[in-house]
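Some notes on the structure that comes next.
The values are calculated or read from the model by the stated rules, or taken from the named source; none is laboratory data. Please read all numbers here as calculations on a predicted model, not as lab measurements. Positions of Cβ are backbone-derived with ideal geometry, glycine not excepted, and every protein chain shown enters the neighbour counts.
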Number of protein chains: 4
Amino acid sequence: MNTPTNHWVLTFVCTDQPGIVHSISGAIVQAQGNITESQQFTSTESGKFFMRLQVEVKASKEEFSDKIAEVAAKYGATFHIDAVDRKIKAVVLVSKSAHCLNDLLFNQRSGQIPIEVPAVFGNHSDLAELAGFYGIHFESHNISDASTKQTFEKMLREYILKNEIEVIVLARFMQILSPEFCREFEGKIINIHHSFLPGFKGANPYAQAHNRGVKLIGATAHFVTADLDEGPIIEQNVIRVDHGKSKQDLVAMGQDVESKTLAQAVRWFAEHRVLLDNERTIIFH
Amino acid sequence: MNTPTNHWVLTFVCTDQPGIVHSISGAIVQAQGNITESQQFTSTESGKFFMRLQVEVKASKEEFSDKIAEVAAKYGATFHIDAVDRKIKAVVLVSKSAHCLNDLLFNQRSGQIPIEVPAVFGNHSDLAELAGFYGIHFESHNISDASTKQTFEKMLREYILKNEIEVIVLARFMQILSPEFCREFEGKIINIHHSFLPGFKGANPYAQAHNRGVKLIGATAHFVTADLDEGPIIEQNVIRVDHGKSKQDLVAMGQDVESKTLAQAVRWFAEHRVLLDNERTIIFH
Amino acid sequence: MNTPTNHWVLTFVCTDQPGIVHSISGAIVQAQGNITESQQFTSTESGKFFMRLQVEVKASKEEFSDKIAEVAAKYGATFHIDAVDRKIKAVVLVSKSAHCLNDLLFNQRSGQIPIEVPAVFGNHSDLAELAGFYGIHFESHNISDASTKQTFEKMLREYILKNEIEVIVLARFMQILSPEFCREFEGKIINIHHSFLPGFKGANPYAQAHNRGVKLIGATAHFVTADLDEGPIIEQNVIRVDHGKSKQDLVAMGQDVESKTLAQAVRWFAEHRVLLDNERTIIFH
Amino acid sequence: MNTPTNHWVLTFVCTDQPGIVHSISGAIVQAQGNITESQQFTSTESGKFFMRLQVEVKASKEEFSDKIAEVAAKYGATFHIDAVDRKIKAVVLVSKSAHCLNDLLFNQRSGQIPIEVPAVFGNHSDLAELAGFYGIHFESHNISDASTKQTFEKMLREYILKNEIEVIVLARFMQILSPEFCREFEGKIINIHHSFLPGFKGANPYAQAHNRGVKLIGATAHFVTADLDEGPIIEQNVIRVDHGKSKQDLVAMGQDVESKTLAQAVRWFAEHRVLLDNERTIIFH
């Protein structure tokens, strides 16, 4: 082969109907492509068909897109094509807790999470040094009332648009984004909630878990919507606890679960493995 | 040794204060006993001290009780002594689902759960045959309105008192016991709730879990109180699910978790490993 | 629709090459079929392509088979078509331990495992009553030396062939089948090994695990080959243990893991979700 | 209270015999101490009694030691007393992989693991920058043959003795220490093995796991002895994998399990929760 082979990831969503797979695979055969990974799902709730393919093909992104666009037009589908190993652009919002940011940055540097992080924004400056170690621009912005929050969101909005940021990761960011901001970037903001949702919403979930005497505590990575703690769930994990653990112990034990769960959710999102079916996520892992 | 050795389990609860362990261990030394298992815990919430001991000793239950009673009097403690391998008396309440009853009865026959079950009561007759296979008396009682429920509870109450039943196990019993009944037998009724409480209270937790798109489903074994689905939690387990699972799938997958969680809770209760610290349980496993 | 719709499961295996998915999906489009579940995998080790589809179609099994056979001929593939909800025929071999048999029979009766079990064979008669409760024919055969084992295998072979048995499940059967028998029914015999293979092969794995002080014990469901404890692994699970557990405790704790792991493996096999890639299994769950 | 209260952790090991608990608790009562945590275990294999206590007491370490020493003399026990929150001194040995070191250093800085790390030694210089970020001295030493290894061990031995190092952590250190070194520091060297021992000893465990088609991979933290990969196990964890994962995937997925397992083992060791019963560990967590 003289022409280099490209490796594309394709996601394809439309109303379920006969012949979709045949049409898509036909377009791939015509492009002399080779399917290296394939997953599909039909939602009985929404009647939608979801597909994720990885395809090795000599065709350029434009040529391959043109072929898929023909199929998409026929079925009224939306689709997305990206290079398998392209790193997506992420900003991370933080407050004082370091564990989630540390895990994200370590994993992006070691190549486990395909993101590049041009900037970390905090409402405190505690994590400036950690971001600096990974060579990442850090900015601390005061957020103490409605006015400063508005200023922060305006700055963030401009940064996101100017730098073509694809995902906003809330890595234990202890501020609530405005409904307007959440709506504008719906499906692009991932939060880690330090409880097994919907068990303990709101503040101090570990205190709630302790008071209730639960035997497992957990963490939930979810998309942020205007409806607080109610966005579509991407990933959840739990860890066993017992009566001997104090609230402080639960907080400490929960850190590993939070870091791991958020990192997993961001990894899947960056690999285009997370699709939305109304309130629920389809995860092609 | 000519005298046979007895093996007692002792639970001991009082307000925490210095010297308790020394006093109890002193009583055991005097009785020439040998501690084979020992666990203790002091609750920072309630300030109570909890202890569970297994002791090999030649002393009879009465002799051993007398010695411990002296210590208990000194510290204002409540205590309980039982033979380590005595099977406690349980009744099981069921409706139509067989999986929890099957698991309980299989495990009691094989000796994994130290209970004896003189009777199973149902509000349907579906499980008569299964109880019969294990040689257990089965009674079906119609419960369709306030009057029949009252009749059922009256019958059950009399049966429990007459037969010195020590625990009432609700093995997917789809009826709500009256607050009066719950209060009378508080700390002696164990229920399996088919969700990871406090996540999905009330009816149809699997449908709720499906609608919310959670990634883990669970089961909770808890004491029944007059406050529905709010009694102290004894044990919880979860199982991973994904977007491809229907509500029916979740129900089926949940059965193993429910059976295992209820069996574990009943085993610990029967072994005197479950102590109550107000709303929370202390589990000495 | 006047014609009833059939629901077929199709498995399809061949050397990987371009166009397979397009050809299969084309045959399904021609048959006016609807794909309800689809999974595929290409093994980089063997270069083989594996596919499992569930298809709703009006075509009869013969008509659908004819269409798929054309595709298979083109690619040199082997394929298998079955009704999605047909129960496959299984015999179970047992010794004295009841837990795995109890779990299998309970789950087949409740519909969780799509098998029918015309007979259980034991080298002891302990489990006759349990099989009887589920209305299943039970036979006990003495196996004490080479001669009686040969007689047993001869009887079993004839029973399997005469009754078109599709899977032989060893539910804690404490005898080693001859290499000839294993080879004749290769890929059709499923065993539960009471350890996390390849950790503790051979006899008394729980004693080995205890002596080594491991912190997790496990069970492995695998295909039986002539090479003892080395057949392809289907499923594995573990459970946490600690220093306080005796060998007897490990045996008791392991029972749940064994039952669950074997039941899962048999369920997947019966649903045609287990394919063989030389020494490894492909599990389409 | 005018005198500040000290919080000591006491471990106490002797041949099991009647009266030990009474004697120890008596010494604590005399010292007007308050037991805040207590665990004990009698090994049926070795006949040894193990105890770990946390005690709040006004007595100094010397005064408290003197009281316990009297009890220890009576029973022929060995004991150890330390301040509950003292950080023990650790050196970490590394090669090129960063994940375990990153997790250890992050957790020691955030206070989750009570160790202080005066130095990290590597046989490569890749991790110098990471150690530097945490302000820790880093030295790279060439180890390429018997002679350079001897030089390295001589340097390390001197460093350990001079700096009163209490634990040597091998955080994916890809060199085998000499039997002499292992023996000299027996019970003080903790290694992370990237497999679920005893499943896949030796080199390339993930390749072995992949070839065998296992469904779970794991990691084992263990004490290093002269007998390679055979030292007492401290902690083990597993993670589920499937047929779709390549050897490289297993390596990547294993990193989280390795980091977490090693961190847990070091935490327990530093908190004096790990006691040795010949080849097995007693973990008082």
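Return a yes/no flag: does region C:25-38 have any residue that is more than 14 Å from chain A (Cβ to nearest Cβ), farther than 30 Å from residue D:210 by Cα and either in contact with a helix residue (DSSP H, G or I) (Cβ under 9 Å, 6 or more places away or on another chain) or not hydroxyl-bearing (Ser, Thr, Tyr) (or both). No, there is no match, as no residue in region C:25-38 is more than 14 Å from chain A (Cβ to nearest Cβ), farther than 30 Å from residue D:210 by Cα and either in contact with a helix residue (DSSP H, G or I) (Cβ under 9 Å, 6 or more places away or on another chain) or not hydroxyl-bearing (Ser, Thr, Tyr) (or both). The number of residues in region B:15-30 that are hydrophobic (A, V, I, L, M, F, W, C) and in contact with a Ser or Thr (Cβ under 7 Å, 6 or more places away or on another chain) comes to 1. Of the residues making up region A:38-80, just one is assigned to a helix (DSSP H, G or I), among the hydroxyl-bearing types (Ser, Thr, Tyr) and farther than 24 Å from residue C:55 by Cα, namely A:65. Only one entry in C:208, C:248, C:236 is more than 28 Å from the chain's Cα centre (by Cα), farther than 15 Å from residue D:235 by Cβ and either facing chain D (nearest Cβ under 8 Å) or part of a helix (DSSP H, G or I) (or both), namely C:248. Pairing residues of region A:57-77 that are farther than 16 Å from residue A:19 by Cα with residues that are among the charged types (D, E, K, R) and modelled with pLDDT of 95 or more, at Cβ distances under 8 Å and at least 6 apart in sequence or on separate chains, gives A:59/A:67.
Residue A:242 - would you say it is touching a strand residue (DSSP E or B) at 6+ places or on another chain (Cβ under 8 Å), of a type in the set (Asp, Glu) and either on the phi < 0 side of the Ramachandran plot or more than 11 Å from chain B (Cβ to nearest Cβ) (or both)? Answer is yes for this residue.
Specify the residue that is surrounded by the most Cβ atoms within 10 Å (Cβ to Cβ); the eligible residues are those in region D:58-74 that are more than 27 Å from the chain's Cα centre (by Cα) and at pLDDT below 95.
So in region D:58-74, the residues more than 27 Å from the chain's Cα centre (by Cα) come out as D:58-59, D:63, D:66-67, D:70-71, D:73-74.
Now drop any that are not at pLDDT below 95, which leaves D:58-59, D:63.
Numbers: D:58: 15, D:59: 20, D:63: 13.
Of everything passing the filter in region D:58-74, D:59 is surrounded by the most Cβ atoms within 10 Å (Cβ to Cβ).
Residues that are touching a strand residue (DSSP E or B) at 6+ places or on another chain (Cβ under 7 Å) and either more than 28 Å from residue C:195 (Cβ to Cβ) or not assigned by TED's automatic domain parsing to the domain that holds residue D:258 (or both) do occur in region D:141-158, at least one of them. Being in contact with a strand residue (DSSP E or B) (Cβ under 6 Å, 6 or more places away or on another chain), over 30 Å from residue B:253 (Cα atoms), modelled with pLDDT under 95 and buried (at least 19 other Cβ atoms within 10 Å of the Cβ) is a condition met by no residue of region C:217-238. When residue D:134 is tested against the conditions (1) within 22 Å of the chain's Cα centre (by Cα); (2) farther than 17 Å from residue D:97 by Cα; (3) at pLDDT 95 or above, the lone failure is (2). Of all residues in region A:4-31, those being within 12 Å of residue A:72 (Cα to Cα), in contact with a Lys or Arg (Cβ under 8 Å, 6 or more places away or on another chain) and in a helix (DSSP H, G or I) number 2. Can you work out which of the residues in region C:175-205 that are touching a strand residue (DSSP E or B) at 6+ places or on another chain (Cβ under 9 Å) and among the aliphatic types (A, V, I, L, M) is nearest to the other protein chains (Cβ to nearest Cβ)? Taking the candidates together, the pick is C:197. Among the numbered conditions (1) in contact with a helix residue (DSSP H, G or I) (Cβ under 9 Å, 6 or more places away or on another chain); (2) assigned to a strand (DSSP E or B), the only one that residue D:263 does not meet is (2). Annotation: residue C:253 fulfils all but one of (1) without any contact (Cβ under 8 Å) to a residue 40 or more places away in the chain; (2) closer than 23 Å to residue D:200 by Cα; the unmet one is (2).
Residues are listed down the side, and each one gets a yes or a no for (1) more than 14 Å from residue B:120 (Cβ to Cβ); (2) over 17 Å from the mean Cα position of the chain (by Cα); (3) crowded, with 17+ Cβ neighbours inside 10 Å; (4) of a type outside the set (Val, Ile, Thr):
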{"position": "B:140", "(1), (2), (3), (4)": "no, yes, no, yes"}
{"position": "B:149", "(1), (2), (3), (4)": "yes, yes, yes, yes"}
{"position": "B:158", "(1), (2), (3), (4)": "yes, yes, no, yes"}
{"position": "B:165", "(1), (2), (3), (4)": "no, no, yes, no"}
{"position": "B:171", "(1), (2), (3), (4)": "no, no, yes, yes"}
{"position": "B:183", "(1), (2), (3), (4)": "yes, no, no, yes"}
{"position": "B:189", "(1), (2), (3), (4)": "yes, no, yes, no"}
{"position": "B:195", "(1), (2), (3), (4)": "yes, yes, yes, yes"}
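The set of residues in region D:100-131 being within 11 Å of another protein chain (Cβ to nearest Cβ), under 17 Å from residue D:172 (Cβ atoms) and free of Cβ contacts under 8 Å to residues at least 40 places away in the same chain consists of D:105, D:106, D:129, D:130.
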